[in-house]
Structure formats: structure tokens, C-alpha cells
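The values are calculated or read from the model by the stated rules, or taken from the named source; none is laboratory data. These figures come from a predicted structure and were not determined experimentally. Neighbour counts run over all protein chains shown; Cβ positions are idealised from the backbone, glycine included. When the accessible area is computed, the model is the full protein with side chains, heavy atoms only, and any ligands, DNA or RNA have been set aside. Shrake-Rupley method; radii C 1.70, N 1.55, O 1.52, S 1.80 Å.
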Amino acid sequence: LFQGYQGMVDGGDNIVEVSWESVSSILQVGGTVIGSARCKPFRTREGRLQAAFNLVQRGITNLCVIGGDGSLTGANLFREEWSGLLEELAQNGKIDAEAVKKYAYLNIVGMVGSIDNDFCGTDMTIGTDSALHRIIEVVDAIMTTAQSHQRTFVLEVMGRHCGYLALVSALACGADWVFIPEYPPEEGWEDSMCVKLSENRARKKRLNIIIVAEGAIDCHNKPITSEKVKDLVVQRLGFDTRVTILGHVQRGGTPSAFDRILASRMGVEAVLALLEATPDTPACVVSLSGNQAVRLPLMECVQMTQEVQKAMDEGRFLEAVRLRGRSFENNLNTYKLLSHKKPDAELPKTNFNVAVLNVGAPAAGMNAAVRAAVRVGMTEGHKIFAVIDGFEGFARGKIKEISWGDVGGWTGQGGSILGTKRTLPAKYLEKIAEQMRTNNINALMVIGGFEAYLGLLELSAAREKYDEFCVPMVMVPATVSNNVPGSDFSIGADTALNTITDTCDRIKQSASGTKRRVFIIETMGGYCGYLANMGALAAGADAAYIFEEQFDIRELQANVEHLTEKMKTSIQRGLVLRNENCNENYTTDFIYQLYSEEGKGVFDCRKNVLGHMQQGGAPSPFDRNFGTKISAKAMQWISKKLKETYRKGKVFANTDDSVCLLGMRRRNLVFQPVAELKSETDFVHRIPKEQWWLKLRPLMKILAKYKTSYDVSDSGQLEHVAMLPKEAETGTI
């Protein structure tokens with residue numbers, strides 16, 4: 001259906017049957033290729049009558065609506081009126097009685113496409129992550145200018161009724177102040193904001209960033225505009241201040257890897273929901289809770305979304321924040337925790353020392369995690385020590401106290417500022433114990449990949465010999481490979497996935513230009529196929545070779561034949577991803593040579609090893625946010641454990657549950673003792689024995705036009721919005 005409801009009302013060429021090829025190459029295109037339009041006629045019964053006639057003419061009784069709450073409410077009304085509309089058409093002699101019977105029911109399923117993320121019931125709407133990418137790109141660019149000129153920038157982002165974009169971008173760039181409609185500042189905010197800005201300047205912070213949602217209001221429901229904020233800063237502080245209004249930039253650009261995968265997963269879920277729909281099931285929306293696809297009754301979501309607006313209009317702001325859902329509430333609480341340093345006199349003093357270190361290979365978002373750990377730790381009253389260069393640096397005594405200001409501006413930095421090494425602690429136990437004794441370290445927070453997990457196992461095994469290791473220890477997973485047991489996601493994997501996706505997009509353009517060319521692309525990941533598989537899904541690849549799913553020469557042959565067939569169509573290019581360790585004999589060179597030989601005369605081949613670019617780059621909004629939130633939660637756990645294990649003037653923790661890994665499991669962030677994760681781990685290949693994303697593998701094959709079955713056992717069941725757990729912590733951003 002072209003042009004949304006307008007196309008449905010106008011009919012004609014706006015409603016066409018699509019083929020496989022007609023949706024090829026649209027994955028990397030922003031916006032919507034089938035168009036969208038605000039439609040006045042559809043709001044009238046005459047308009048809907050015409051739309052119903054156009055659908056019945058073509059025998060369409062299933063609609064999948066991708067849009068915001070307005071589009072979805074319209075769809076629901078259309079469904080409720082459907083039988084009445086058909087009867088009216090029959091009375092007017094436009095359709096016969098047979099058609100009324102044959103097309104008696106209309107099924108509807110909704111997918112929420114809205115950059116504001118303003119729809120209740122889903123953690124992430126399609127398009128939000130891409131909009132955050134646009135905002136963060138601008139903020140990162142502005143930061144360099146502001147730093148050079150010592151300026152204050154006021155940034156206005158979209159969000160007339162919802163402050164999600166403003167809030168998350170403020171979290172992701174460490175903004176000094178944020179204005180959102182759901183949480184207006186208290187009376188006298190003008191004074192507190194100016195005090196905060198001048199304090200930051202006094203601390204040698206060369207730039208100030210203030211983020212304003214376009215719908216920002218004060219507690220009397222009066223608008224707070226970006227111009228008003230600028231004038232205030234200039235008048236009161238005399239700072240050189242500039243306003244940047246991002247506007248429609250936020251809607252544009254190519255979709256991020258997260259959005260492509262989210263939308264692909266939701267698309268499958270929508271089709272399954274339509275196939276299972278009956279006249280008695282309510283119209284539903286498919287949405288995301290944590291890392292889990294769920295179905296929710298459409299009208300419950302719409303009502304709840306409208307409740308938020310009502311609460312804001314009536315000045316019940318705390319209620320509005322709660323109704324927005326756990327994800328929003330967590331973001332707000334984390335922002336409040338990290339952005340304002342309390343005066344030293346107001347901070348509790350625990351006399352506990354906590355050490356933070358990075359272990360393994362660098363991953364984008366590690367610095368955001370360190371920043372959150374340092375600031376939350378200080379707020380809880382601890383002294384925080386930073387260890388340079390992982391366990392190796394620890395053994396050499398490279399450890400120093402780190403303060404609030406030291407980690408300013410760290411969220412947007414890639415790599416690992418503290419330095420990181422793959423070295424395991426086993427050979428340095430004596431020296432590390434000595435350093436922990438010397439610096440009186442009472443707890444450890446390790447941010448890293450598989451080595452960090454092995455390191456914690458080694459340290460907890462050494463507790464019998466060294467009392468120094470009898471302290472609470474927590475691990476926050478950070479690795480591009482996403483191969484840590486106990487967590488669906490790890491910090492850095494989203495940034496790496498975006499790098500792979502961007503590169504594949506460019507390579508696809510090159511392949512399309514030269515025609516009949518197939519690219520073999522090698523990704524990182526060790527033995528874990530996450531990057532290859534998800535990269536293939538996000539880039540629209542033809543195949544992905546991974547270690548977890550063994551393949552043989554017959555499969556390679558079938559892939560070559562599949563590509564040969566594809567070259568006969570109008571899409572004359574191919575993309576094949578290969579995980580670096582998927583098979584020791586079928587190397588990237590081998591696959592490249594095999595394809596080159598077998599494809600002779602039909603297509604030619606090129607190969608590309610992406611290498612260490614996958615570990616670099618500025619962290620994506622997801623990794624900044626995930627790193628910040630998961631790390632803050634880990635530090636709060638440390639505080640709780642320190643209180644529990646403090647006896648007779650010292651900390652003593654030697655139980656399994658005092659060495660944990662904090663991971664995202666389906667819907668929740670959970671602390672799991674590393675000892676319990678041993679049974680879930682394949683230590684030889686350094687991967688978890690079971691991985692959630694393997695269920696998405698058939699989806700990639702289906703989208704590449706292979707015939708395969710899709711496991712529907714995991715598809716969402718209809719739930720109720722009101723019953724979304726209030727306590728359960730959702731892990732999405």
C-alpha cells in the first residue's frame with residue numbers, strides 16, 4: 001500500500017502486489033520507500049468506506065500497520081467498523097452478499113514506527129535508535145567546537161510530548177542539564193542550572209551542553225524554549241552560548257544496525273500474529289520487552305500512551321514518568337545520579353575502597369561504564385581506584401584514586417582509556433593480593449570480555465590461599481564478540497555491528513556498480529558467530545558462515561548455486577559473511593577461491609577482512625547507554641554486598657554469590673554467580689553453550705530466499721500492558 005491510508009482511500013496504483021525483488025536493497029534506505037501520508041479522508045466514515053471497498057476488490061483482509069499511536073488507533077477503528085462498512089457497500093450495490101460473507105473479518109497487527117519512542121508497552125520503537133545515532137553524531141561534532149572555543153551549546157531535539165530522545169542523548173553525552181516534558185525542573189531551576197554551569201567551568205570543564213526537548217515545560221506547564229535557556233545563560237553568566245536545533249535531521253539517514261534487526265524481528269512477529277489471528281483476538285501490536293518479542297493489545301497500549309499525556313496535562317509528573325515504563329524511569333534515575341555531584345559534605349563516608357579495571361580487548365562503551373562506576377561509587381560514599389592495564393597493571397601497582405571530574409567526557413570516547421590487557425591473574429596472584437592489601441581494596445569491578453570472566457573464576461578459586469580476594473567482585477560484560485555466558489548483550493557489540501553494517505552497505509554499493517560481483521567479508525568474534533550472523537541480518541547478506549552451525553562442502557556448493565541463480569535476476573550482487581574461526585580448513589581464502597572458480601563466467605569475487613576496525617570508533621548510543629546503566633547497577637550491588645559482608649571492622653566475602661556477572665537475560669538484568677555459569681560455558685571455544693541469537697538464524701536465510709523452517713515456539717503470546725512487571729528491570733535502552 002503506497003502513501004499509507006491515503007493510498008488505501010485513493011486505491012488504483014497505490015495498492016500493488018509486491019515481489020521478492022521489489023523489496024530488495026531497501027534495507028539500508030532510511031525513511032519509507034512505500035511512502036506515508038497524513039490522511040484527512042480516512043478520518044471520515046466516507047473515507048473508510050472507500051478504503052474498505054478498495055481492499056475488498058483485491059481480497060485483502062489482513063493489514064500490518066507500521067506507524068505511531070494515531071495510525072494504530074485509526075486501524076483499530078477501521079477494524080471495529082469493518083462489518084458495518086461491508087454491509088453499507090452491499091446496500092449501495094458496490095459489492096455482493098457473497099463478498100460480505102467471504103471477507104467478513106479484518107485482522108490487524110501493528111508495529112510501532114516512531115522516532116520519539118513515545119508508545120507505551122514497548123521498550124524501543126522502530127526508528128528511535130537511528131534518531132539517537134543522528135543526535136549523538138551532532139553532539140560529538142559540537143563537543144569538539146565547544147571545547148575549542150569554551151562555549152555553551154543548547155541543543156534542541158525532537159519530542160513534543162515525549163522526552164525520551166532528549167533524556168537518552170543527555171545520558172549518552174554526559175550533558176550538564178536536560179529539559180523534558182515528563183519531568184519539569186523544580187521552582188528556581190534557573191538559579192540551580194546557572195550554579196551548576198559555573199561550577200563546571202570552575203572545574204576546568206571547557207564546555208557545557210544543555211539538551212532541550214521541543215516539548216519541554218516548567219512545573220506550571222509553561223514552555224521552556226532553547227532560546228529562553230540561551231538568553232538566561234548569557235544574561236546571568238555571560239557565557240558565549242549558541243543554539244542548535246536538530247530538526248528533521250533526526251528522521252533521516254540510514255537505519256542503525258539495531259533498528260534493522262529490531263524491525264526484521266518485529267516484521268516476522270507481525271506475520272505470525274496475523275496468521276494466528278481470529279475474529280475474537282483483539283488487534284495487537286508487536287513490541288520489544290528487554291530482548292524479548294511480545295504481543296500486546298493495541299488499544300491497551302494506546303490508552304496507556306494517552307494516560308501519560310493526561311497525567312502531564314494535569315501536572316502529575318511523577319505518575320507520567322512511571323507510566324512511560326521502567327526503561328524511561330531507569331534512564332531518568334541514572335541521569336540524575338550521574339550528572340550532579342553532591343557537595344562532599346552531603347556524601348556519606350563508607351571508608352570502603354573499590355577498584356575498577358578493564359580486562360580483555362578494547363570495546364566501545366568501556367569508558368562509559370568506568371565513568372558510571374566511578375560516579376555512582378562516589379555517590380555511595382566509597383573511594384574509587386582505577387587500575388591501569390588490567391590484571392597485569394594491577395600486579396605492577398599501576399593503581400590510583402580517581403575522582404568525579406577525572407571521568408568527565410568519557411562516555412563518547414572509544415577504546416579503553418584505562419588501558420586493557422588480555423593477561424589472566426593466575427600468574428600474578430601473589431602480587432595482586434599484595435596490591436589489594438597495600439591499597440586496602442574492599443571490592444573489585446571488572447569490565448571486560450571472556451578473559452574478565454576467566455579472571456574472576458581464577459580469583460575466586462584463589463580465595464582459599466589469599467584472604468585479600470575474599471571481597472565482593474562483579475563483572476560487567478564488555479566485548480565486541482558478545483561471547484560472555486550469562487548475558488544476551490555485551491558492551492561494544494552494538495558499535496562493532498554498526499561498523500560491520502556500514503562497511504557492508506558501502507561494499508554492496510560497490511558490488512552493485514560493477515554488477516555480478518560477490519564479496520566475501522570476514523568478521524571478528526573468535527569462535528562466536530554473533531557479529532557474522534547479526535551483521536548478515538542487518539546488511540541483507542546471502543549467507544553467513546559461523547562455527548556454531550557446522551557446514552560442509554555441499555552447503556558451500558548450494559550457496560554458490562543460489563548466487564548463480566540470483567545473478568539471473570535484477571539484483572546482480574552478493575554478500576557473504578564469514579566468522580574468523582568458523583572452520584579451520586574453510587578459510588576466507590579457501591571460500592574466496594572456491595566461489596571464484598565455481599562462479600567463473602557468472603560472477604567474480606572479492607574478499608575483505610574487516611579486522612580491528614571492529615574494535616574502534618566512538619561508541620554507539622546503545623553501548624553508551626547500556627554501559628552506563630549496567631555499570632551503575634553493578635556498583636549499587638557492590639555497595640549492598642559490602643554492607644552485608646562487613647564484620648568486625650573488615651570485609652570478608654567468600655561465598656559464590658559474592659562473585660557475580662551482571663548480564664542481560666531476555667527481559668531482565670540479573671546478577672549470576674560466575675561459579676554457576678561454568679556449566680553453561682564451552683571453555684575450549686570461549687562461547688556460551690546456548691546462544692539466543694541462533695534462533696534468528698533461519699530468519700536471515702529466509703530473507704536471503706532460502707527455503708527453511710522458522711521456529712515459532714519463541715514467538716510472543718498476547719499479554720496485557722497493565723501487567724508489565726513494575727519491579728522487573730528492563731534492560732533495553
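Every residue in the range 1-31 that is of a type in the set (Val, Ile, Thr) and assigned to a helix (DSSP H, G or I), please. Reasoning before the result, please.
Restricting attention to the range 1-31, the residues satisfying the condition of being of a type in the set (Val, Ile, Thr) are 9, 15-16, 18, 23, 26, 29.
Matches in the range 1-31: VAL9, VAL23.
Filter the range 388-407 for residues that are within 24 Å of LEU347 (Cα to Cα) and open to solvent by less than 40 Å² (accessible area, probe 1.4 Å) and give the result. Selection gives ILE399, ILE402, TRP404, VAL407. When every residue of the range 457-470 is checked against the conditions, at least one turns out to be outside any helix (DSSP H, G or I) and open to solvent by 10 Å² or more (accessible area, probe 1.4 Å).
Quick check on my filter: what residues within the range 410-449 are small (Gly, Ala, Ser) and surrounded by fewer than 17 Cβ atoms within 10 Å (Cβ to Cβ)? Quick ask: steps written out before the conclusion?
The initial filter retains those residues of the range 410-449 that are small (Gly, Ala, Ser), namely 412, 414-416, 419, 426, 433, 443, 448-449.
Listed by number, the list holds a single entry, ALA426.
The single condition among (1) assigned to a helix (DSSP H, G or I); (2) under 30 Å from GLY449 (Cβ atoms); (3) assigned by the TED database to the domain that holds ASP542; (4) in contact (Cβ under 8 Å) with a residue 24 or more places away in the chain that THR564 does not satisfy is (2). If you take the residues of the range 84-135 that are among the basic types (Lys, Arg) and part of a helix (DSSP H, G or I), which of them is nearest to the chain's Cα centre (by Cα)? So the residue we want is ARG134.
Condition check ((1) buried (at least 22 other Cβ atoms within 10 Å of the Cβ); (2) under 29 Å from the mean Cα position of the chain (by Cα)) across all residues:
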{"residue": "GLN306", "(1), (2)": "no, yes"}
{"residue": "ALA311", "(1), (2)": "no, yes"}
{"residue": "GLY315", "(1), (2)": "no, no"}
{"residue": "LYS336", "(1), (2)": "no, yes"}
{"residue": "PRO343", "(1), (2)": "no, no"}
{"residue": "MET378", "(1), (2)": "no, yes"}
{"residue": "HIS382", "(1), (2)": "yes, no"}
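Among ILE15, ILE26, which is open to solvent by less than 30 Å² (accessible area, probe 1.4 Å), without any contact (Cβ under 8 Å) to a residue 60 or more places away in the chain, under 29 Å from THR128 (Cα atoms) and β-branched (Val, Ile, Thr)? Steps first, answer last, please.
Values: ILE26 fails: open to solvent by less than 30 Å² (accessible area, probe 1.4 Å).
It is ILE15.
Looking at the range 693-732, which of its residues are of a type in the set (Ser, Thr, Tyr) and modelled with pLDDT of 75 or more?
Residues of the range 693-732 of a type in the set (Ser, Thr, Tyr): 706, 708-710, 713, 715, 730, 732.
Passing the criteria: only TYR706.
Which one of these is out of contact with any strand residue (DSSP E or B) (no Cβ under 9 Å at 6 or more places or on another chain), open to solvent by 30 Å² or more (accessible area, probe 1.4 Å) and basic (Lys, Arg): LYS566, LYS633, LYS640?
Values: LYS566 fails: out of contact with any strand residue (DSSP E or B) (no Cβ under 9 Å at 6 or more places or on another chain); LYS633 fails: out of contact with any strand residue (DSSP E or B) (no Cβ under 9 Å at 6 or more places or on another chain).
The match here is LYS640.
Looking at the range 680-692, which of its residues are of a type outside the set (D, E, K, R), more than 11 Å from CYS528 (Cα to Cα) and modelled with pLDDT of 95 or more?
We begin by selecting, within the range 680-692, every residue of a type outside the set (D, E, K, R); these are 681, 683-685, 687-688, 691-692.
Next, from what is left, pick out any that are more than 11 Å from CYS528 (Cα to Cα): 681, 683-684, 692.
Correct list: THR681, PHE683, VAL684.
Quick grid of which residues meet (1) modelled with pLDDT of 95 or more; (2) in a loop (DSSP other than H, G, I, E, B); (3) within 30 Å of THR514 (Cβ to Cβ):
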{"site": "PHE590", "(1), (2), (3)": "yes, no, yes"}
{"site": "GLY601", "(1), (2), (3)": "no, yes, yes"}
{"site": "ARG606", "(1), (2), (3)": "no, no, yes"}
{"site": "HIS612", "(1), (2), (3)": "no, no, yes"}
{"site": "PRO619", "(1), (2), (3)": "yes, yes, no"}
{"site": "ARG624", "(1), (2), (3)": "yes, no, no"}
{"site": "GLY627", "(1), (2), (3)": "yes, no, no"}
{"site": "ILE630", "(1), (2), (3)": "yes, no, no"}
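No other residue among ILE491, ILE500, ILE521 is touching a Ser or Thr at 6+ places or on another chain (Cβ under 9 Å), under 30 Å from PHE352 (Cα atoms), touching a residue at least 60 places away in the same chain (Cβ under 8 Å) and buried (at least 20 other Cβ atoms within 10 Å of the Cβ) apart from ILE491. Taken over the range 256-283, the criterion of being open to solvent by 10 Å² or more (accessible area, probe 1.4 Å) and either without any contact (Cβ under 8 Å) to a residue 40 or more places away in the chain or outside any helix (DSSP H, G or I) (or both) is satisfied by LEU275, GLU276, ALA277, THR278, PRO279, ASP280, THR281, PRO282.
Matching residues to (1) closer than 24 Å to LYS342 by Cα; (2) more than 30 Å from the chain's Cα centre (by Cα):
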residue: VAL157; (1), (2): no, no
residue: HIS161; (1), (2): no, no
residue: TYR164; (1), (2): no, no
residue: LEU171; (1), (2): yes, no
residue: ASP176; (1), (2): yes, no
residue: PRO184; (1), (2): yes, no
residue: GLU187; (1), (2): yes, yes
residue: GLU190; (1), (2): yes, yes
residue: SER198; (1), (2): yes, yes
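For the range 39-54, which residues satisfy the criterion of being within 15 Å of GLN3 (Cβ to Cβ) and either in contact (Cβ under 8 Å) with a residue 12 or more places away in the chain or touching a His at 6+ places or on another chain (Cβ under 8 Å) (or both)? Full working, then the answer.
Initially, the range 39-54 is screened for residues within 15 Å of GLN3 (Cβ to Cβ), giving 39-42, 47, 50-51, 54.
Those that are within 15 Å of GLN3 (Cβ to Cβ) and either in contact (Cβ under 8 Å) with a residue 12 or more places away in the chain or touching a His at 6+ places or on another chain (Cβ under 8 Å) (or both): CYS39, PRO41, PHE42, GLY47, GLN50, ALA51, ASN54.
Candidates are the residues of the range 99-121 that are farther than 14 Å from LEU72 by Cα and at pLDDT below 90; the one that is surrounded by the fewest Cβ atoms within 10 Å (Cβ to Cβ) is ASP116.
Of all residues in the range 382-424 being among the small types (Gly, Ala, Ser), part of a loop (DSSP other than H, G, I, E, B) and in contact (Cβ under 8 Å) with a residue 60 or more places away in the chain, which is farthest from SER620 (Cα to Cα)?
Residues of the range 382-424 that are among the small types (Gly, Ala, Ser), as a first pass: 386, 390, 393, 395, 397, 403, 405, 408-409, 412, 414-416, 419.
Adding the requirement that they be part of a loop (DSSP other than H, G, I, E, B) leaves 397, 403, 408-409, 412, 414-416, 419.
Okay, now just the ones that are also in contact (Cβ under 8 Å) with a residue 60 or more places away in the chain, so 408-409, 412, 414-415, 419.
Working: GLY408: 18, GLY409: 15, GLY412: 9, GLY414: 9, GLY415: 12, GLY419: 20 Å.
The qualifying residue farthest from SER620 (Cα to Cα) is GLY419.
Taking (1) in contact (Cβ under 8 Å) with a residue 24 or more places away in the chain; (2) polar (S, T, N, Q); (3) under 13 Å from LEU106 (Cβ atoms) in turn, SER83 satisfies each apart from (1). Scanning the range 32-74 for residues that are open to solvent by 50 Å² or more (accessible area, probe 1.4 Å), in a loop (DSSP other than H, G, I, E, B) and modelled with pLDDT of 85 or more gives THR32, VAL33, ILE34, SER36, LYS40, THR44, ARG58.
Just one of ILE142, ILE126, ILE66, ILE136 is in contact (Cβ under 8 Å) with a residue 40 or more places away in the chain and touching an Asp or Glu at 6+ places or on another chain (Cβ under 8 Å); which is it? Even if it seems obvious, please write down each step before you answer.
On the way: ILE142 fails: touching an Asp or Glu at 6+ places or on another chain (Cβ under 8 Å); ILE66 fails: touching an Asp or Glu at 6+ places or on another chain (Cβ under 8 Å); ILE136 fails: touching an Asp or Glu at 6+ places or on another chain (Cβ under 8 Å).
Step by step, each of ILE142, ILE126, ILE66, ILE136 is checked, and only ILE126 is in contact (Cβ under 8 Å) with a residue 40 or more places away in the chain and touching an Asp or Glu at 6+ places or on another chain (Cβ under 8 Å).
Summed over the range 328-380, residues that are in contact (Cβ under 8 Å) with a residue 40 or more places away in the chain and in a loop (DSSP other than H, G, I, E, B) total 11.
Would you call LYS650 open to solvent by 80 Å² or more (accessible area, probe 1.4 Å), within 30 Å of CYS470 (Cβ to Cβ), of a type outside the set (A, V, I, L, M) and at pLDDT below 95?
On the way: open to solvent by 80 Å² or more (accessible area, probe 1.4 Å): yes; within 30 Å of CYS470 (Cβ to Cβ): yes; of a type outside the set (A, V, I, L, M): yes; at pLDDT below 95: yes.
In short, yes.
Residues that are surrounded by fewer than 18 Cβ atoms within 10 Å (Cβ to Cβ), farther than 30 Å from ALA386 by Cβ and at pLDDT 95 or above occur at least once in the range 664-679.
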